[in-house]
Amino acid sequence: KMSWFWLYLPLHLLMVTCLCQSIKAPTTSSQESFKTNLFNFYHSLILADGKETTIHLLKDIPKRYYFALEEGRVLAPFSITVTPCDVPIEWSILVYKSPPGKATPGDHDTQEVSKSQKASSIVSTIFNYKGNSVETYMGMSSHSALYLLEFLSTERDTHITVYLTTDTTSGHLYPELPADPRIDVIGIGHTTVTLTWKHSPSVLQHRESIQYCLLVNEKHNYKSLCAAETAIRSSGMKLPPTLALSLSPYLLEPQQVMILSNSELSIINKVSSGEVRQVCMGTKNTYTVPSLSPSTQYYFDVFIVNLLTNASVAYTGTFARTLEEPEPKVTEMKDGKVIHVVLDGKKQKFYSLQYQAKHKKILFTFQLCRGQIQVHITRNGKTVASENLSGLRYFSLKGKLLDTYLVQLRSTEEFNSSVKVQASPHYHKPLFPLLPESLKIKSFSKLRTCRSVTVAWLGTQEESKYCVYRKRIEEDQIWRELQSADRCSGPESRHKSEKVLCKYFYDLNLQRAVTTETIKGLEAGTLYLFDVYLFGPSGIPVRYHSKVVKTRKKC
């Protein structure tokens, strides 16, 4: 420890000596006393004037900074703003002043005053605070005074920001809060909360360089922007430096989602304690927060951010609980009746169907028409089936008479999906025909010509009717035709000119239950979309997966 002390002592003595030279002491004796007190600052650092300083604190280890006026300035106002970025801290301001009066050589009483008495006569604590709020101290500085700031964290390692300024003429680093800094909740819905707040005087004066940023989370309010960022980082994430600088997509982490809409920037962070959402909305002082979860308490903090200096101040945070989601409407199902359901892909909500069993064995049939869906079936409140569907699917369930089945359907795509659903007893006439192992249509490349295409598909052991349709398409239509095809629609939706033929066939040996068809009269070098429809006893068709084939350009 002693070797460390002597290593760094000359540097601090040099700093103190330079500082002494810039301060005029009234007498020789008082100057010597002042130098003695300045020597005590060898373990301190100089606090920059007019600049925000980030200070890292280790638990239970105090950190000290000092500042003094430049030569020639007698009295001047100054302010110090301290922003804790995590846990509560303790901080205080001490002032070292030259002793008043003048010591004379013949005055033995004055000469016999002890050093400790001298020290107590020129050192005083003018401010101290403990907590995690942003605090500002304003005072008047004397040219013969030196100020010491001491910071201490007793909970854990942390960091703070400190801003000192002695220049009150060139504006403020921090934006100003209005006289009433509260955030008002003016509307609450199931998934939205509408907020408003008073305009900051800084917005009215410097509209181009000031903006409002909103932080939404499910944990608690934050008293400063750096406290919010520290909390999110502690959840295992990295954040952009501030909300104001989050405008660049390359700063985003994998756990973040950025949404830019109507000149508003939203950044959504997925953290263990829930979703943390950041929105910067320019100078608008009313905002509706969308896409919230029903029956959930959220905390809202608004920060005014100076885009030029990156400094910010916080309004008084508020909280609100979204309304409970209304019970979804339940559609009753009847034996054998087919229900066609269209599911909204954007809202991702469940559509509910209810069926009361009149028989012990129940068959649920799902024919997916468009998109993909998730199906969830419960019997008397207990899950009996749950999976994602992408085609035709049967669920055969056995229970008791009067059991209540609840079927919940949801689109898993961003666009709308649709499905046909039927509930019936097992002995009921089947809704759909017996299906082959695969609904794919195969084309034979070697059998393609400029005027014809040969296709094949699987059949079943049950005699059924198959109808083939063709449609001429362009290259840029392929994706749309395949994605938007309604697999529940039958040939009635097709133009008569698209029909090629209809035929009946079956084979008791499934290995031989396959048929081929050569479709003639086509144009060379042209794309065609081919569809096959299978009709069963009920007359409801099942559409095979569409096949796109291009005829040869030269033969």
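The values are calculated or read from the model by the stated rules, or taken from the named source; none is laboratory data. Because the structure is a prediction, the values reported are computed rather than measured. When we count neighbours, we look across all protein chains shown, and the Cβ atoms used for this are built from the backbone with ideal geometry, even at glycine. The protein model used for the area step is the full one, side chains on, heavy atoms only, and it has no ligands, DNA or RNA in it. Shrake-Rupley method; radii C 1.70, N 1.55, O 1.52, S 1.80 Å.
One table, with the values for the structure above:
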quantity: Positions within region 178-193 being more than 18 Å from the chain's Cα centre (by Cα) and open to solvent by less than 30 Å² (accessible area, probe 1.4 Å), in sequence order; calculated: P178, I183, G187, G189
quantity: Where a residue in region 529-555 is farther than 17 Å from K471 by Cβ and among the small types (G, A, S) and its partner, wherever it lies, is outside any loop (DSSP other than H, G, I, E, B) and open to solvent by less than 40 Å² (accessible area, probe 1.4 Å), with Cβ under 9 Å and at least six apart; calculated: G536/S464; G536/V542
quantity: Hits in region 459-494 - residues which are touching a Ser or Thr at 6+ places or on another chain (Cβ under 7 Å) and among the aliphatic types (A, V, I, L, M); calculated: L482, A485
quantity: Residue in region 200-221 that is of a type in the set (V, I, T) and either over 27 Å from T54 (Cα atoms) or in a loop (DSSP other than H, G, I, E, B) (or both) present; calculated: no
quantity: Filtered residues of region 298-313 (kept if open to solvent by less than 20 Å² (accessible area, probe 1.4 Å) and of a type in the set (A, V, I, L, M, F, W, C)); calculated: F300, V302, F303, I304, V305, A311
quantity: Pairs, first within 27 Å of M140 (Cα to Cα) and among the charged types (D, E, K, R) in region 84-107, second assigned to a loop (DSSP other than H, G, I, E, B) and at pLDDT 90 or above, C-beta under 8 Å, six or more apart; calculated: E90/T154
quantity: Filter result for E208 (open to solvent by 60 Å² or more (accessible area, probe 1.4 Å) and more than 20 Å from the chain's Cα centre (by Cα)); calculated: yes
quantity: Test: R512 is out of contact with any helix residue (DSSP H, G or I) (no Cβ under 6 Å at 6 or more places or on another chain), among the basic types (K, R) and in contact (Cβ under 8 Å) with a residue 12 or more places away in the chain; calculated: no
quantity: Residues (modelled with pLDDT under 50 and closer than 28 Å to I61 by Cβ) located in region 94-153; calculated: K115, S116, A119, S120
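One line per residue, one yes/no per condition, for (1) closer than 25 Å to E327 by Cβ; (2) assigned to a strand (DSSP E or B); (3) not assigned by the TED database to the domain that holds L522:
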{"site": "Q408", "(1), (2), (3)": "yes, yes, yes"}
{"site": "E414", "(1), (2), (3)": "no, no, yes"}
{"site": "S418", "(1), (2), (3)": "yes, yes, yes"}
{"site": "V468", "(1), (2), (3)": "no, yes, no"}
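Listed here are the residues, each with its yes/no results for (1) part of a loop (DSSP other than H, G, I, E, B); (2) touching a residue at least 60 places away in the same chain (Cβ under 8 Å); (3) of a type in the set (S, T, Y); (4) open to solvent by less than 70 Å² (accessible area, probe 1.4 Å).
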residue	(1), (2), (3), (4)
E324	yes, yes, no, no
E327	yes, no, no, no
T331	no, no, yes, yes
I339	no, yes, no, yes
K349	yes, yes, no, no
Q354	no, no, no, yes
T365	no, yes, yes, yes
N388	no, no, no, no
K400	yes, no, no, no
